[in-house]
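Accompanying notes for the structure given below.
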């Protein structure tokens, strides 16, 4: 599945970013709410088609959970260098997980419309440069 501008929104089951806003900007959005409690995330065993299809990833799972940290680490290993990846963390987690967050953009609060717009533009620029 290669859909230009596809953004993967990885958030807890009770949340999502402004999907309508991103879709109005021309970016289809795939939702992933992470693994159910007691289950292993597919990316940690077999891989994940949603991750490999994404042209940009916004990740906001609970870094206090070991499996969620492992999932983020795996994303960092398998997501291509030209695919924008941003991680949304709770207050204090930037310092606490400094090593894990090294090399990714970090937002310390729910993203604003301007941050999402900038992220969408970054996804578009990456898509454009891949086509050139």
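Only one of these is surrounded by fewer than 16 Cβ atoms within 10 Å (Cβ to Cβ) and within 22 Å of residue 22 (Cβ to Cβ): 80, 95. Name it.
Matching residue, one of 80, 95: 80.
Each row is one residue, and each column tells you yes or no for (1) under 13 Å from residue 58 (Cβ atoms); (2) in contact with a strand residue (DSSP E or B) (Cβ under 9 Å, 6 or more places away or on another chain); (3) buried (at least 17 other Cβ atoms within 10 Å of the Cβ).
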residue	(1), (2), (3)
13	no, no, no
21	yes, no, no
24	no, no, no
32	yes, yes, yes
37	no, no, no
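Output yes when any residue across region 30-46 is over 21 Å from residue 100 (Cβ atoms), in a loop (DSSP other than H, G, I, E, B) and in contact (Cβ under 8 Å) with a residue 24 or more places away in the chain, and no when none is.
No, the conditions are met nowhere in region 30-46.
Taking residue 8 as the residue in question, decide whether it is in a strand (DSSP E or B) and surrounded by 13 or more Cβ atoms within 10 Å (Cβ to Cβ).
Spelling it out, residue 8 is indeed in a strand (DSSP E or B) and surrounded by 13 or more Cβ atoms within 10 Å (Cβ to Cβ).
Considering only region 72-107, state which residues are under 14 Å from the mean Cα position of the chain (by Cα), assigned to a helix (DSSP H, G or I) and in contact (Cβ under 8 Å) with a residue 12 or more places away in the chain.
Once the filter is applied, which keeps residues that are under 14 Å from the mean Cα position of the chain (by Cα), assigned to a helix (DSSP H, G or I) and in contact (Cβ under 8 Å) with a residue 12 or more places away in the chain, region 72-107 yields 72, 73, 74, 75, 76, 78, 101.
Only the coordinates and a few stated rules stand behind these numbers; no lab work does. Note that this is a predicted model, so its numbers are computed, not measured. All Cβ positions, glycine included, derive from the backbone under ideal geometry; neighbour counts span all protein chains shown.
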